[in-house]
1. Among DSSP beta bridges lying fully in the chain, give the percent that are antiparallel, nearest 5.
2. If R0 is 25 Å, what FRET efficiency do you get for Asp278 and Thr51 from their C-beta distance, rounded to 0.05?
3. With each pseudo-label sitting 7 Å past Cα toward Cβ, what's the Ile137-Glu257 distance in nm, one decimal?
4. From the square roots a ≥ b ≥ c of the eigenvalues of the alpha-carbon gyration tensor of segment 306-415, which class results: rounded (a/c under 1.5), prolate (a/b over b/c), or oblate?
5. What residues have an amide H closer than 5 Å to that of Ile294, excluding those fewer than 5 places away on the same chain, when H is modeled at 1.01 Å from N in the peptide plane?
6. Within segment 376-395, which residues have the backbone N less than 13 Å from the label spot 7 Å out from Arg359 along Cα→beta-carbon, could you tell me?
7. Any lysines with Cα under 27 Å of the Lys333 Cα? List them, leaving off those in the same chain fewer than 8 positions away.
8. Give the angle, between 0 and 90 degrees and rounded to the nearest 10, that separates the Cα long axis of helix 370-382 from the longest principal axis of the Cα atoms of the chain.
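The numbers here are math on the coordinates, done by the rules we state, and not lab data. These figures come from a predicted structure and were not determined experimentally. Cβ sites come from the backbone with ideal geometry, for glycine too, and all protein chains shown count toward neighbours.
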Amino acid sequence: MDKFVIEGGKPLFGTVFAQSAKNSVLPLLAASVLTEEEVVIRETPKITDVTCMAKILEELGAQVVFRKGDVSIVSAGAKNHRIPSELTRELRSSVFMLGSLLSRFRRAECAYPGGCDIGLRPIDLHLNALARLGVRITEREGYISCSCDRLRGAEIALDFPSVGATENILLAAVLAEGKTVLGGAAKEPEIVDLQNFLNAMGANVHGAGTDVIEIVGAESLHGTVYTPIKDRIEAGSFLIACAVCGGEVEVAGVKPESLGLLLHKLRENGCKIHTKNDKIKIASYGRLKCNRKIETMPFPGFPTDLQAQATALNASCEGGALIVENLFETRYKYVPELLKMGADIEVKGRNAFVRGVERLHGAELVSGDLRGGAALILAALGAEGVSEVLDLSHVDRGYADLQGKLTALGAQIRRVTVP
Ligand code: UD1
């Protein structure tokens, strides 16, 4: 298991290009089995969640080839409809495969999904919606079996705008008989990207980015070459890194409106932010002020995937901050690690009360989940002295070449293989 050795206290300067969005690429990979023709997803990030999804596609019988940063999927030979349990548990997003596999084979089987250990993460919304589309579902010994004679369009209303359930419904409805109207849909930019991708394959999907999405089932879909949107969470992590360390950084490739609330919060901290087309420039000098309150919400609210990084920033700002995590129950597991660095944070249920300290100091830190791990790395970059961040397996799930990108901005960070 690799670790990072970080010497904190170096300001960051320069330009960083955002990778393609992990949370777009994963559903696009799932969608690739909706056609037997070749699908090419351009500029795929080298992250282990993508490798894991590629393995799942191969297990199903698809040919997956990574070529010069792109990935080509030909699923003509796919015949398996069962996702191996170890891969489902490794990657929660594999649950999207249920919708795709049902569209393709009218059958699908997977284990209860895995992913980051950040709370219960049930999939009742996914299963109820699939049942509305005519799917029979049985659950036995941790395995979910789905089958249908024909998927049929339906009116579905989600009680909560779940990102994954919205995506799964799109994947199940694009080849269904008739029209599906989905109310209470998630509005994340990655949903819009999935709609655009499916339409590029010949689907009829409209309304993504609003509460109501309409899908008129198509007879069949065809191959396509598609470039996904850039990763707003990776981009946001670099902006927060600059806020923590001081300096001036430009993040290129990402649409500023996809990070609206983060930019507002960084201005509140005292950072200067300039946006132009798909570039965001941040300048951070001197001690910043705490945000009064940051509350995570579905898009366009503050993203839960940037909560940990924002808490790490507030930990050494002046004043106090209240952080409220509304999406996942146990998303503060990184806080005890920040305490080792001298942070003053008290967690009570979904609230974290941060009292900013003058400076964090280096410590040995254990990364327990993807975004929590990123938060520890950012805290270490801004801290006095040397830190070690152990177990990079979580961070590798979502950040491609994090060390290379941070080093190019002037950070002192080494990756060390622990035998
Ligand atoms: C996606 C993102 C993840 C992000 C999250 C919230 C991907 C691959 N992952 O995860 O990075 O943190 O959105 O923005 O895109 N819920 C239910 N029942 C369900 C489904 C969800 O109760 O059937 C609850 C969850 O427990 C959670 C909330 O809804 O409290 C949000 O989950 P959801 O939007 O589904 O997140 P994911 O799609 O898993």
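1. The antiparallel proportion sits near 70 percent.
2. 0.40
3. With each label point 7 Å from Cα toward Cβ, the separation is 3.4 nm.
4. Since a/c reaches 1.5 but b/c is at least a/b, the shape of segment 306-415 is classed as oblate.
5. Distant-sequence amide H within range of Ile294: Leu322, Ile323, Val324.
6. The answer is 382-386, whose backbone nitrogens lie closer than 13 Å to the label point.
7. Once the sequence-local lysines are set aside, what remains near Lys333 is Lys3, Lys10, Lys22, Lys46, Lys265, Lys289, Lys293, Lys348, Lys405.
8. Taking Cα atoms only, the helix is inclined about 20 degrees.
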